[in-house]
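Chemist: Take a look at this one; I'll ask things after.
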Number of protein chains: 2
Amino acid sequence: MLTTETISDIIAKAIASIKYPEAPFGLYAPIEYTLESGGKRLRPQLTLSVCSALGADVSRAIDAALGIEIFHNFTLLHDDVMDSADIRRGRLTVHKRWNDNTAILSGDAMLTMAVQYIARTPSDVMPQAMELFNRTAMEVYEGQQYDMDFERSNNVTVPQYIEMIRLKTSVLLGCACRMGAIVACATDDVAQAFYDYGVNLGLAFQLKDDWLDTFGDPLVFGKQIGGDIINAKKTWLLINALSECRDELLDILAEDLEPEERISQVTAVYNRLNLSERCNKLIAEYSERAIMAIDAIELSSDAKDYFVSLAKKSVERTH
Amino acid sequence: MLTTETISDIIAKAIASIKYPEAPFGLYAPIEYTLESGGKRLRPQLTLSVCSALGADVSRAIDAALGIEIFHNFTLLHDDVMDSADIRRGRLTVHKRWNDNTAILSGDAMLTMAVQYIARTPSDVMPQAMELFNRTAMEVYEGQQYDMDFERSNNVTVPQYIEMIRLKTSVLLGCACRMGAIVACATDDVAQAFYDYGVNLGLAFQLKDDWLDTFGDPLVFGKQIGGDIINAKKTWLLINALSECRDELLDILAEDLEPEERISQVTAVYNRLNLSERCNKLIAEYSERAIMAIDAIELSSDAKDYFVSLAKKSVERTH
């Protein structure tokens, strides 16, 4: 299997070599701005890693990997409009730097660009790749819709929340993994195993995001702790607390408190309910399920190490 | 060739039989609302007509025809957000009936739905159909971007305007026609001829839209005459007038006039420049070019009649 560094390098070069038409500038400049702004590139990394781990030539997977990364960035661009978010990866969001119309239209163009990259997948697997990509995209929109619905409701159950984050974020990691298996011409069983790996990895990562926002170390986390509490964001922590101490929590949220005071009162409820430990236990479970999913697949030891350590990182990461 | 009525019927049934998932309601209800709201269904009509005219089974073309119609409706949905338009086809626009976020997200899902339909095209032609569809989609976004850019400029030239409407509206008619030829496994020459037919038809239709908004018969047109003048919309008429009587026109547009007075003064300039006749002459030219484009193709007389009379209708229509 190629090393993580080699794969990162291939992805960075592929993204840097995307050609943007010069005109109309207002359409393409925001796309270039979005794609060059970095991020972890986790999804294309997964696609190429799975492809390489299965012994196939990663050059077969590059277009599909880029398609998924461009799609991911498109969803962030449109989500930032919907959430009125100002900052993304330390820079102004597209709708802030330009305006809402630019963000909507450039996002649309990014979605079509993503499909164009998926369509460039080698023809023997292109229909399968396209089918997986489109189905996943629909699920991601469903997840975003549930997320918006949930923000207006205080009756979200834990299983509903898990299903929402599965759709909104995890299936795309599953798709990225499965795409690598598809272009490597793997069997359906192997493709499904990698899909399950990616979905469980995604659930673990998202829950750790929720956990870190409240229980992370402010010196390491890099963001303000407690942002989710201030915004009364429906995280796994808040949904559990709402179902177990409903009235107390609604009272705190209704009060006109200073930010620090609200964070401290809500965190106190979380602690009383032992939610930090319970959340970490669940994260470890999903991480374990990810590892179990690919347990039966014959892989070189360095390939296995890569996927296992990535799953463990979802438990252990501190930022 | 199947009759226009038979083809209309096939399209209406196909659109009525689209299945929408029940949940999340907030995502799928606006899509159903948009697709059931009608419109002329000109694009799928073109796809199936070309396919049938070339002697192929139209069932091969239905998915591609639906994909193009769904894409067209997606562009209207997002354009209505960008233009803050309230009414579309006599009903509230999606962003008015729901909200902007719903319109953005449901639009995204419609674009992916459109791609899913294109991907269901018979496998022997699917990659070609997909390539045509994606390329056309990018051109449509470019056209929309130029349209938005032009609204902020008083220096748009006539060739720039023609290129904008070619991208924003005409290439999709060209794509609809070419798609019918592709699924009918026509030669590249035939496919290109039908593409040229569609693009020129689209230019004629769009210019007639501009003409009717100022010179249409209020009793027949169905909309208020002069809406474009009130909104200082950069139509073919205004762009010509701006290039020929710049200062006079900018003075009128800068004045604080009653709507009727502004319409009357601007129309007087148009009349002095003979723009009604010149515009109609150009429309007739594009219509003629559309007819010429498919002149060399061997078609049954009823097929030829259909395409010729559609092109003539773009000249003669009164609403």
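Chemist: Quick check for me: using +1 on Lys/Arg Cβ and -1 on Asp/Glu Cβ, what's the dipole size of the protein assembly as shown about its Cα centre, in debye to the nearest 20?
Modeler: 760
Chemist: Principal axis lengths of the protein assembly as shown from Cα atoms, whole Å, largest first?
Modeler: 80, 57, 42
Chemist: What does the accessible area per residue of chain A come to in Å², with a 1.4 Å probe and no ligands, DNA or RNA counted?
Modeler: I get 42 Å² per residue for chain A.
Chemist: To the nearest hundred square angstrom, how large is the accessible surface buried between B and A, total for both chains, probe 1.4 angstrom?
Modeler: Using a 1.4 Å probe on protein heavy atoms, the buried area is about 3100 Å².
Chemist: Going by accessible area, probe 1.4 Å, with all protein chains left in place, what is the ranking of A:H319, A:H72, B:H78, largest first?
Modeler: A:H319, A:H72, B:H78
Chemist: Quote the accessible area belonging to B:D147 in square angstrom, nearest 10, computed with a 1.4 Å probe and with ligands, DNA and RNA left uncounted.
Modeler: The value for B:D147 is about 30 Å².
Chemist: Next up: How large, in percent, is the carbon and sulfur part of the accessible surface of the protein assembly as shown at a probe radius of 1.4 Å?
Modeler: Roughly 50 percent, rounded to a whole number.
Chemist: Once you put a point 7 Å from the Cα of A:N155 and another 7 Å from the Cα of B:A85, both along the Cβ direction, what distance in nm separates them?
Modeler: 3.8
Chemist: Same structure again: Work out the length of the dipole vector of the stretch B:173-319 about its Cα centre, built from +1 on the beta-carbon of each Lys and Arg and -1 on the beta-carbon of each Asp and Glu, and round it to the nearest 20 debye.
Modeler: It works out to roughly 320 debye.
Chemist: Residues of B:136-143, mean number of Cβ from any other protein chain within 10 Å of their own Cβ, rounded to a whole number?
Modeler: Mean inter-chain Cβ contacts per residue within 10 Å come to 5.
Chemist: Further question on the same structure: A 31 angstrom limit on the alpha carbon distance is what I want to check against. Which of B:K96/B:K234; A:K96/B:K19; B:K168/B:K312 exceed it?
Modeler: A:K96/B:K19
Chemist: When only DSSP loop residues count, what trypsin sites (Lys or Arg not before Pro) in the stretch A:22-96 have their Cβ near at most 14 other Cβ atoms within 10 Å?
Modeler: Hits after loop and neighbour filter: A:K40, A:R89.
Chemist: Taking a cut-off of 17 Å between Cα atoms, list the lysines near A:K223, but don't count ones fewer than 8 places away on the same chain.
Modeler: Within the straight-line limit of under 17 Å, A:K223 reaches these lysines: A:K40, A:K208, A:K233.
Chemist: A further question on this structure: For chain A, what's the radius of gyration and Dmax over Cα atoms, in angstrom?
Modeler: Rg then Dmax for chain A, in Å: 20.2, 60.
Chemist: Shifting gears a bit: Given label points at 7 Å from Cα along Cα→Cβ, what nm distances, shortest first, separate B:R89 from the same residue in every other copy?
Modeler: Output for B:R89: 3.8 nm, nearest copy listed first.
Chemist: I've got another one for you. List, shortest first and in nm to one decimal, how far the label point of A:A268 (7 Å from Cα along Cα→Cβ) is from its counterparts in the other copies.
Modeler: Distances to the matching label points in the other copies: 7.7 nm.
Chemist: Mean separation of Cα pairs under 8 Å and 6+ residues apart, divided by the residue count of chain A: what relative contact order is that in percent?
Modeler: Relative contact order comes out at 17 percent.
Chemist: Kirkwood Rh and Cα-based Rg: tell me the resulting Rg over Rh for the stretch B:105-220, rounded to two decimals.
Modeler: 1.05
Chemist: Rg over Rh of the stretch A:42-97, using C-alpha atoms and the Kirkwood radius, what does it come to?
Modeler: With Rg and the Kirkwood Rh in hand, the quotient comes to 1.17.
Chemist: Under 1.5 on a/c is rounded, so check that first for the stretch A:221-283, then, if it is not, pick prolate when a/b is larger than b/c and oblate when it is not; a ≥ b ≥ c are the square roots of the alpha carbon gyration tensor eigenvalues.
Modeler: The shape class here is oblate.
Chemist: To the nearest 20 debye, what charge dipole does chain A have about its Cα centre, counting +1 at the Cβ of each Lys and Arg and -1 at the Cβ of each Asp and Glu?
Modeler: Value, rounded to 20: 640 debye.
Chemist: Please find the FRET efficiency linking B:S123 to B:R278, where r is the Cβ-Cβ separation and R0 is fixed at 51 Å, and quote it to the nearest 0.05.
Modeler: 0.55
Chemist: What does the copy distance list look like for A:A12, label position 7 Å along Cα→Cβ, in nm and ordered from shortest?
Modeler: In nanometres, ordered from closest: 6.0.
The values are calculated or read from the model by the stated rules, or taken from the named source; none is laboratory data. Only a predicted model underlies this, so the values are computations on that prediction, with no experimental measurement involved. Don't worry about glycine lacking a Cβ; one is built from the backbone with ideal geometry, like all the others, and counts go over all protein chains shown. What goes into the accessible areas is simple: the full protein's heavy atoms, side chains included, and nothing from ligands, DNA or RNA. Shrake-Rupley method; radii C 1.70, N 1.55, O 1.52, S 1.80 Å.
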